[in-house]
Amino acid sequence: MADAKTTDRMEKTVSLCKRRGFIFQSSEIYGGINGFWDYGPLGAELKRNVKDLWWRTMVHDREDVVGLEATIIMHPQIWKASGHVDTFADLMRECPVCKKRYRADQVEPRSGRVYKCLGAAGTDAKGPSRIEFPFETIVPKGKPPIESGKERAKKFYSALKLSAAEPFGETISEEVSNSVDFCSDPTCGGKLSAARPFNLMFKTYVGPVADEENVAYLRPETAQAIFAQFKNVLETSRQKVPFGIAQVGKAFRNEVTPRNFTFRSREFEQMELEFFIRPDEAIEAIYGSVAKPGIGHPGEPQPNWGWEMWHKYWVEERVRFYESIGLPRTTLEEYWQKPEELAHYARATVDILFKFPFGTQELEGIAARSDFDLSQHERFSGNSMGVFDDELRAAWAKLDEGRKKELADRYSQARYKYLTKSGVALEPAAKEAKEDAEGLAKGQYIPHVIEPSAGVDRLILALICNAYAEDQAPDEKGSMESRVVLRFHPRIAPIKVAIFPLLKNRPELVSKAKQVRDLLRPLMTVFYDDGGAIGRRYRRQDEAGTPFGVTVDFDTLGEKGPELQDTVTLRERDSMKQERVKISELTRVLQEKLR
Ligand code: ATP
């Protein structure tokens with residue numbers, strides 16, 4: 001549970017975000033709207049920098065990834081195929097007396113202790129991966145919860161005989177619910193209803209008639225558009241498997257418990273990559289075997305990589321990305337989901353967690369999702385999602401009969417498992433799986449996918465929490481005072497350099513400072529500030545996370561002699577060290593430091 005110190009730190013961070021224009025509550029003048037946040041001038045720059053760096057790293061710096069920008073509202077069948085219509089839900093319980101709603105995984109079975117009251121308007125659902133360490137936990141006095149949210153949720157689900165990954169039915173029967181849980185509302189004593197799923201997708205209607213025929217959903221993730229456009233991208237981009245499609249964009253989830261500031265919002269942004277690879281059987285047919293991962297980064301991608309190597313590679317690449325924008329490895333944790341936590345189609349999932357002040361929580365998930373997604377869209381749309389692989393066809397023809405049978409059997413079994421788990425009857429599933437294996441022998445398959453899926457807003461929050469520091473700095477007269485500083489990595493800092501004329505009532509200083517501003521502005525974000533004492537101006541930029549400050553003073557004008565003429569003071573935010581730099585060298589010096 002969050003202690004006073006971490007709560008205090010979080011409160012200070014939240015208040016700095018508002019005070020300095022990073023993040024505001026959406027619709028604040030009308031009292032706000034729960035789970036929605038706006039980014040102010042500094043927040044908007046920070047967010048843009050982070051998304052641009054992600055795009056540069058994932059798309060522009062690579063040969064094997066291309067981009068996509070799809071619509072937010074798509075054909076509703078997409079969400080049927082993906083499983084979101086049927087299973088994207090959290091379990092919710094309601095008090096019939098006061099109408100308050102609780103997320104079922106936050107009501108402890110047996111004791112009936114309620115961890116979080118949602119208020120009458122709340123609702124939400126999904127598996128234990130969504131359980132949080134409640135920031136505002138409600139517990140009986142003197143009895144802090146001993147179990148973590150995840151442990152509690154596991155017990156809850158196992159008591160209901162539900163695997164977190166398994167889709168649950170329409171409603172958990174009252175009988176089942178009562179047999180494991182006899183709790184009542186902590187405020188009014190009303191007996192809580194049976195747990196029932198609440199779908200997280202926002203519904204809307206397309207066209208003028210608001211009926212079931214015209215229902216559409218705001219996308220709860222960006223990934224599905226990538227799958228739906230897979231064939232178009234493949235055909236137009238001159239890519240071939242293995243390759244990836246990346247997308248950055250808004251996603252919407254009607255979370256029951258939006259909380260921890262922007263951490264769990266109802267409208268947020270995602271940065272997702274779907275990286276399509278050959279099935280392992282194809283790699284084995286071509287290269288004899290698949291490479292096995294060792295410890296650490298596996299290095300440059302190799303043609304004999306199967307899903308395990310690609311998965312490990314993306315986990316390591318993503319951690320490197322976080323390090324490159326200023327989140328040290330020590331602030332991150334990898335959580336490898338246990339086999340019983342995995343969805344039936346997933347081979348492995350790793351959550352990259354960040355140590356937030358309110359608990360260690362997910363920033364990004366990297367999942368090896370087999371060929372599930374494209375297979376689903378093939379079944380639901382009736383359009384082939386398969387690719388033809390010439391190399392595989394040629395290699396297969398050279399295999400001996402034993403090897404052919406072994407690989408075909410393995411492939412067919414995997415397809416059979418997918419088909420039966422997805423609701424296809426046993427007999428047609430067996431027939432189709434056999435045909436799929438015959439297809440493999442001819443060089444055809446549905447690509448498998450590795451999905452690194454990150455949340456922009458969570459990352460922004462992590463970066464702000466990580467950057468927040470309080471230390472001592474000298475004031476005008478040299479005596480120490482405390483300062484708040486955001487130690488952003490220069491790459492992501494909203495403003496890269498602030499330009500200060502020492503005095504604003506000296507036209508020569510002002511005009512020189514403006515010349516410096518105009519010199520730098522085409523190359524980086526600059527902020528010109530001539531208001532108040534220089535120490536105050538430094539402090540304001542420290543709080544904004546600006547890594548460099550340039551002061552134009554009388555030395556710049558050559559008043560103390562020609563050797564310092566046309567030089568400025570360059571101040572570094574974290575060390576507060578100052579050096580004298582020639583204006584003619586300033587661009588190069590700053591660009592080196594910003595790299
Ligand atoms: P959680 O368990 O925390 O709800 P999730 O496992 O449902 O997350 P995914 O569906 O894997 O999340 O989404 C990928 C990423 O999108 C998450 O790692 C997170 O960074 C971001 N994300 C998901 N839901 C939200 C949300 N409600 N608010 C902000 N970011 C979110």
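The values are calculated or read from the model by the stated rules, or taken from the named source; none is laboratory data. Keep in mind it's a predicted model, so treat the numbers as computed, not measured. When we count neighbours, we look across all protein chains shown, and the Cβ atoms used for this are built from the backbone with ideal geometry, even at glycine. For the accessible areas, the whole protein counts, side chains as well, though only heavy atoms, and no ligand, DNA or RNA atoms are used. Shrake-Rupley method; radii C 1.70, N 1.55, O 1.52, S 1.80 Å.
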**Request:** Report E281's accessible area, 1.4 Å probe, all protein chains in place, as a number in Å² to the nearest 10.
**Result:** 20
**Message:** Let me check I've understood the local charge: for G549, count other residues with C-beta under 14 angstrom from its C-beta, Lys and Arg +1, Asp and Glu -1. What total comes out?
**Reply:** +4
**Complete:** Taking the alpha-carbon centre of each part, the distance from the stretch 1-65 to the stretch 385-446 in Å is 46
**Request:** Return one number: the angle in degrees, 0 to 90 and rounded to the nearest 10, between the long axis of the Cα atoms of helix 372-381 and the longest principal axis of the Cα atoms of the chain.
**Result:** 70
**Message:** Which order do you get for Y39, Y418 if you rank them by accessible area with a 1.4 Å probe, largest at the top?
**Reply:** Y39, Y418
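Going by average Cβ density within 10 Å per residue, which order do the peptides 202-212, 51-61, 575-585 take, highest to lowest? If you can, show how the numbers build up before the last one.
Values: 202-212: 10.5, 51-61: 15.9, 575-585: 12.4.
Packing order, densest peptide first, comes out as 51-61, 575-585, 202-212.
Determine the percent antiparallel among the DSSP beta bridges restricted to the stretch 495-593, to the nearest 5.
Working: 9 of 17 bridges.
For the stretch 495-593, the DSSP antiparallel bridge percentage is about 55.
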**Item:** Rounded to the nearest 10 Å², the accessible area of S82 at probe 1.4 Å
**Value:** 20
**Asked** With labels modelled as points extended 7 Å from the Cα through the Cβ direction, what inter-label distance (nm, one decimal) is found for D574 paired with R56?
**Response** 1.8
**Asked** Mean separation of Cα pairs under 8 Å and 6+ residues apart, divided by the residue count of the chain: what relative contact order is that in percent?
**Response** 13
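Rounded, prolate or oblate, given the Cα gyration tensor of the chain, with a/c below 1.5 counting as rounded?
On the way: a/c = 2.36, a/b = 1.40, b/c = 1.69.
Because a/c hits 1.5 or more and a/b fails to exceed b/c, the chain counts as oblate.
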**Message:** I need the phi-derived Karplus couplings for the stretch 402-408: 6.51 cos²θ - 1.76 cosθ + 1.60, θ = phi - 60°, integer Hz, Gly and Pro marked x.
**Reply:** x, 5, 4, 5, 4, 5, 5
**Message:** Please list, in order along the stretch 424-437, the HN-Hα scalar couplings obtained from phi with the Karplus expression 6.51 cos²θ - 1.76 cosθ + 1.60 (θ = phi - 60°), rounded to whole Hz, x for Gly and Pro.
**Reply:** 7, 5, 4, 5, x, 5, 4, 5, 5, 5, 5, 4, 4, 5
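Considering only protein heavy atoms, what per residue accessible area in square angstrom results for the chain with a 1.4 angstrom probe?
That works out to 45 Å² for each residue.
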**Item:** Spin-label model distance (nm) - Q591 vs N34, 7 Å beyond Cα toward Cβ
**Value:** 5.1
**Request:** Report the one residue of A282, W396, G423 whose Cα lies farthest in the direction of the positive end of the charge dipole of the chain (charges on C-beta: Lys and Arg +1, Asp and Glu -1; origin at the Cα centre).
**Result:** G423
**Prompt:** What ranking of H344, H448 comes out by heavy-atom accessible area, probe 1.4 Å, highest first?
**Reply:** H344, H448
**Asked** When the accessible area of the stretch 421-516 is computed with all protein chains present and a 1.4 Å probe, what percentage of it is carbon and sulfur?
**Response** 52
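Would you work out the charge dipole size for the chain about its Cα centre, treating the Cβ of every Lys and Arg as +1 and the Cβ of every Asp and Glu as -1, and quote it to the nearest 20 debye? Provide the component values of the computation, followed by the final result.
On the way: 89 positive and 90 negative charges, 284 e Å.
My answer is approximately 1360 debye.
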**Message:** Could you compute how much accessible surface Y335 exposes when probed at 1.4 Å, giving the result in Å² to the nearest 10?
**Reply:** 50
**Request:** Give, rounded to the nearest 20 debye, the magnitude of the charge dipole that the stretch 388-445 has about its Cα centre when Lys and Arg contribute +1 at Cβ and Asp and Glu contribute -1 at Cβ.
**Result:** 160
**Message:** What whole-number distance in Å separates the alpha-carbon centres of the stretch 487-531 and the stretch 547-577?
**Reply:** 12
**Message:** Need one number: % antiparallel among DSSP beta bridges in the chain, to the nearest 5.
**Reply:** 85
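Between T204 and K80, what is 0.36 nm times their sequence separation minus the Cα-Cα distance? Round to one decimal in nm. Mind dumping the intermediate values first?
Details: separation 124, 0.36 × 124 = 44.64 nm, distance 1.55 nm.
In short, 43.1 nm is gained.
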**Fill in**
Any residue on another chain or 5+ positions along whose placed amide H is under 5 Å from the amide H of A216 is listed here as T204, Y205, V206
**Request:** Set the Förster distance to 56 Å, then compute FRET efficiency between R540 and S384 from the Cβ-Cβ distance, nearest 0.05.
**Result:** 0.40
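Got a sec? What order do M480, M74 fall in by accessible area at 1.4 Å, biggest, i.e. largest, first? Don't skip to the answer; put the middle values down first.
Details: M480 115, M74 25 Å².
Reading off the accessible areas and sorting them downward yields M480, M74.
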**Prompt:** For the chain, with the dipole built from +1 on Lys and Arg beta-carbon atoms and -1 on Asp and Glu ones, taken about the Cα centre, which of L353, M385, W307 lies farthest toward the positive end?
**Reply:** L353
**Asked** What angle do you read, to the nearest 10 degrees and between 0 and 90, between the alpha-carbon axis of helix 507-520 and the longest principal axis of the chain?
**Response** 30
**Fill in**
Residue separation between L519 and T420 times 0.36 nm, minus their alpha-carbon distance, gives in nm 29.1 nm
**Fill in**
Diffing the stretch 351-359: the Karplus 3J(HN,Hα) column from phi (6.51, -1.76, 1.60, θ = phi - 60°), in whole Hz with x for Gly and Pro, holds 9, 8, 9, 10, 7, 6, x, 9, x
**Prompt:** Under a plain spin-label model, where a point goes 7 Å from the Cα along Cα-to-Cβ, how far apart in nm are V581 and E438?
**Reply:** 6.9
**Prompt:** DSSP loop trypsin sites (Lys or Arg not before Pro) in the stretch 444-531 with at most 13 other Cβ atoms within 10 Å of their Cβ, which ones?
**Reply:** K477
